[in-house]
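The values are calculated or read from the model by the stated rules, or taken from the named source; none is laboratory data. Bear in mind that the values here come from a model prediction, so they are computed numbers and not experimental data. Cβ: placed from backbone, ideal geometry, glycine included. Neighbour counts: every protein chain shown.
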Amino acid sequence: MAATFPLSAAAAAAAAVYSPVPRFEFCRAFRGHCASARRDVHCALRLPAAAAAQEATGPARGAMAAVAARGQAEAAPYGGAGEGSLRMVFLSTAVAVCGSFEFGTCVGYSAPAQAGIVSDFGLSNSEYGIFGSVLTIGAIIGALTSGRVADILGRKMTMQLAAIIGIFGWFTIYFAKGPTMLYFGRILLGYCTGVLSYVVPVFISEIAPKDLRGGLASSNQLFICSGCSATYIIGALLSWRSLVLVGLLPCAILLVGLLFIPESPRWLANTGRMKEFHASLQKLRGENADISEEATGIREYIESLRRLPKARIQDLFQRKNMYAVIVGVGLMVFQQLGGINAFGFYTSYIFSSAGFSGKLGTTLVGIIQIPITLFGALLMDRNGRRALLLVSASGTFLGCFLTGLSFYFKVSVLSWALFDRSCLPSTTQVMHSLYLVVGETMAGQHYFRHH
């Protein structure tokens, strides 16, 4: 559920502005990284061999061998290819995606908690609908302010701020004595998710080496789905107050983990803190890594951005930009209109209305979402984004149509002898969720791959 809020997909676009991503699949990227490390070792071994060749076969041939070996050594991706250099990158990404997991828990919380909250506070369906939907109000505010806050405070401090606000939001819900406190806590959680939806993918894209950036960026989408699925599954076993602990845990891990990872080197360079910039980049790439080339590239890129004219909203409506704007905004808008918000917030109620167990329904959706996300990600490079988006859109349409039709027959006086009228709405809702998850994976990763 990567793009549950309208501006969360824009976070991916903002994060990917820094540089293009060569490959998506994490395993393939890791294999490429290891291969480059092996090439470095082999090239280092070739240098003495080239020198020996110079003594044995003459200066000219030895010089050519030395130049060739040096060229192959320099052709390896810069930024540190040693195993030690990857450890801090992986640790920093693991800490950051706790924010993505928190995003998922906030989105998925209202579905399994509905029965308990409605029973304890005597809320009507419309009153509980406010509880579910005010999350998006806070998310809009968070997304609108996240860019400026992250540029002023830095990526780490912005994530810390979001985590603190999220903790206050969860405690407000836990100690709520009435609907007002529930709504206020939900708005705080919305602001938290709105900020995290921007700053997490930006931070990951700024710390990752080029050959790992696509795979690490995809972890953001995976952990959003994981957080939502975990909330669905655990929520079937716990009360709504106890379920608050599932949301508090990633916030606490994020707060503590941020103390042990470096700040984004790109943000440090952009703010002119060059000494800290080099220290952060060196820590991410490893103590023995040569970061001079990458550091120079980052500084040159930032200088080139500063020389560009300041972007304006009006630039989006220029003829040369219209096609890209229509495609990008269209993906986000129609993704939201596909019904993912309503389904995510009220999954339990939808299944119950269909005559199916709400707890079992949310558990099934939670179990299915993670493997489908991985499956869509693996197919992305092989089959292309456009093909999978078409499949996702077609399946989503079919799921929505059959769900609406089955509910119509369920409440009408007509009988539908061919189908079980209580089972079909549940089946089509699961189908709807499957195709929506695939579509969100494609649309969210579209930016990391093509910007």
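Does the stretch 108-157 hold any residues that are within 18 Å of Leu237 (Cα to Cα) and crowded, with 24+ Cβ neighbours inside 10 Å, and which are they? Spell out the reasoning first.
From the stretch 108-157, those within 18 Å of Leu237 (Cα to Cα) are 108-120; that's our starting set.
Of everything in the stretch 108-157, those that are within 18 Å of Leu237 (Cα to Cα) and crowded, with 24+ Cβ neighbours inside 10 Å turn out to be Gly108, Tyr109, Ser110, Ala111, Pro112, Ala113, Gln114.
Select from the stretch 196-225 the residues that are touching a Phe, Trp or Tyr at 6+ places or on another chain (Cβ under 9 Å) and β-branched (Val, Ile, Thr) and list them in ascending order. Within the stretch 196-225, Val200, Val202, Ile224 meet the criteria. How many residues does the stretch 232-264 contain that are in a loop (DSSP other than H, G, I, E, B) and more than 30 Å from Ala295 (Cβ to Cβ)? Counting residues in the stretch 232-264 that are in a loop (DSSP other than H, G, I, E, B) and more than 30 Å from Ala295 (Cβ to Cβ) gives 8. Scan the stretch 148-181 residue by residue and report those that are part of a helix (DSSP H, G or I) and over 30 Å from Ile302 (Cβ atoms). Within the stretch 148-181, Gly166, Ile167, Phe168, Gly169, Trp170, Phe171, Thr172, Ile173, Tyr174, Pro179, Thr180, Met181 qualify.
The number of residues in the stretch 154-211 that are of a type in the set (D, E, K, R) and touching a His at 6+ places or on another chain (Cβ under 8 Å) comes to 1. Scanning the stretch 208-231 turns up at least one residue that is in contact with a Leu (Cβ under 6 Å, 6 or more places away or on another chain), among the aliphatic types (A, V, I, L, M) and within 30 Å of Asp290 (Cα to Cα). Scan the stretch 83-90 and give yes if some residue there is within 20 Å of Gly247 (Cβ to Cβ), of a type in the set (Val, Ile, Thr), at pLDDT 90 or above and part of a helix (DSSP H, G or I), otherwise no. Looking through the stretch 83-90, none of the residues is within 20 Å of Gly247 (Cβ to Cβ), of a type in the set (Val, Ile, Thr), at pLDDT 90 or above and part of a helix (DSSP H, G or I). Please tell me if Gln369 is closer than 30 Å to Asn125 by Cβ, touching an Asp or Glu at 6+ places or on another chain (Cβ under 7 Å) and in contact (Cβ under 8 Å) with a residue 60 or more places away in the chain. No, not satisfied.
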